[in-house]
Amino acid sequence: MNEGVERNTRRIEGSVVTDFTDRMSYGGYLDLGTLLSAQRPLSEPEHHDELLFIIQHQTTELWLKLVLHELTGAADLLREDRLAPALKCIARVKHIQKTLTEQWSVLATLTPAEYAQFRGILGNSSGFQSAQYRAVEFRLGNKNAAMLRVFDADAASSALLQDALEAPSLYDEFLRLLARAGYDIPDGVLERDVTEAWTFTPELVPVFAAIYDDPQAHWAAYETCEELVDLEDNFQLWRFRHLKTVERIIGGKTGTGGSSGAPFLRRALELTFFPELYAVRTEIGR
């Protein structure tokens, strides 16, 4: 018999702390009282599945907060030429992305009939209005100043996006690092208006082609390029799962925020972060 377990009950060891009168507890450290009281369904009578809908989106926002933290940290580290710890931040983001993508399968258990019973109480609230999601896009280089209008009534979100809009993207910082390392990055790239969305720059393709032609000689740059491709691949998978989950639950209905719904989400799949890192693949081995 396993010592300490009797009648399928585990004995609490004497050294385990049980008095938290004046000690930090698990719930206190995590502020669980606040966190677990933030789910407030509005349907009357309360619909059983509304809690799923709320938690799905709240947990997404928590993960997005961490993604922003890591992307900002990675950009800062690249600015300091500290590539190895920057890649650690990016690796963490990749794991979060996988979790976020898998999370769509939980929401997909919500059937169209179930969602229709409480969708009306959402009003015009929509994931389109997620400031953190937009900030992640901005940090990766897909900037759109017009999006800030959505947050005019929310000073904190507006400030978050303004900061992300004006900051060099992760890709900008990587290209600047390459320039400092001696790679032939065009001046126009280094001096570009970072508040604008990144667009395909063909002059960069030969730079990346040289890196990919001899990975061993350019290993640090080569590894970072592949990490960035992983980021974009993961982001596109998330977008695709979002689209398919929406189609599964509301079909061709318009979005609560006023968008066309699935067609609008489908167009997001055409947006890119690091187009030269995909274009270079056509040149490899030629």
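Numerical summary
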| quantity | calculated |
| --- | --- |
| Search result, residues across the stretch 42-71 that are in contact with a Cys (Cβ under 9 Å, 6 or more places away or on another chain) and not charged (D, E, K, R) | H69, L71 |
| Answer residue from the stretch 200-222, given it is among the hydrophobic types (A, V, I, L, M, F, W, C) and in contact with a helix residue (DSSP H, G or I) (Cβ under 7 Å, 6 or more places away or on another chain) and is most open to solvent (accessible area, probe 1.4 Å) among those | F200 |
| Residue match in the stretch 225-242 (condition: farther than 30 Å from T109 by Cβ, modelled with pLDDT of 95 or more and open to solvent by 20 Å² or more (accessible area, probe 1.4 Å)) | yes |
| Qualifying residue in the stretch 168-181 (condition: touching a residue at least 24 places away in the same chain (Cβ under 8 Å), small (G, A, S) and more than 30 Å from I250 (Cα to Cα)) | yes |
| Neighbours by Cβ (under 7 Å, 6+ apart or cross-chain): first from the stretch 14-27, under 24 Å from G4 (Cα atoms); second at pLDDT below 95 and open to solvent by 80 Å² or more (accessible area, probe 1.4 Å) | none |
| Check on E203, closer than 23 Å to K98 by Cα, outside any loop (DSSP other than H, G, I, E, B) and at pLDDT 95 or above | no |
| Search result, residues across the stretch 2-24 that are under 41 Å from the mean Cα position of the chain (by Cα) and surrounded by 10 or more Cβ atoms within 10 Å (Cβ to Cβ) | F20 |
| Any hit, the stretch 59-72, residues being modelled with pLDDT of 95 or more, surrounded by 15 or more Cβ atoms within 10 Å (Cβ to Cβ), over 30 Å from L177 (Cβ atoms) and among the β-branched types (V, I, T) | yes |
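Let's see how each residue does on (1) within 19 Å of the chain's Cα centre (by Cα); (2) under 20 Å from N144 (Cβ atoms):
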{"position": "E191", "(1), (2)": "no, no"}
{"position": "P206", "(1), (2)": "no, no"}
{"position": "A217", "(1), (2)": "no, no"}
{"position": "F235", "(1), (2)": "yes, yes"}
{"position": "R241", "(1), (2)": "yes, no"}
{"position": "T254", "(1), (2)": "no, no"}
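The values are calculated or read from the model by the stated rules, or taken from the named source; none is laboratory data. Note that this is a predicted model, so its numbers are computed, not measured. All Cβ positions, glycine included, derive from the backbone under ideal geometry; neighbour counts span all protein chains shown. SASA here: full protein model, heavy atoms, side chains in, ligands and nucleic acids out. Shrake-Rupley method; radii C 1.70, N 1.55, O 1.52, S 1.80 Å.
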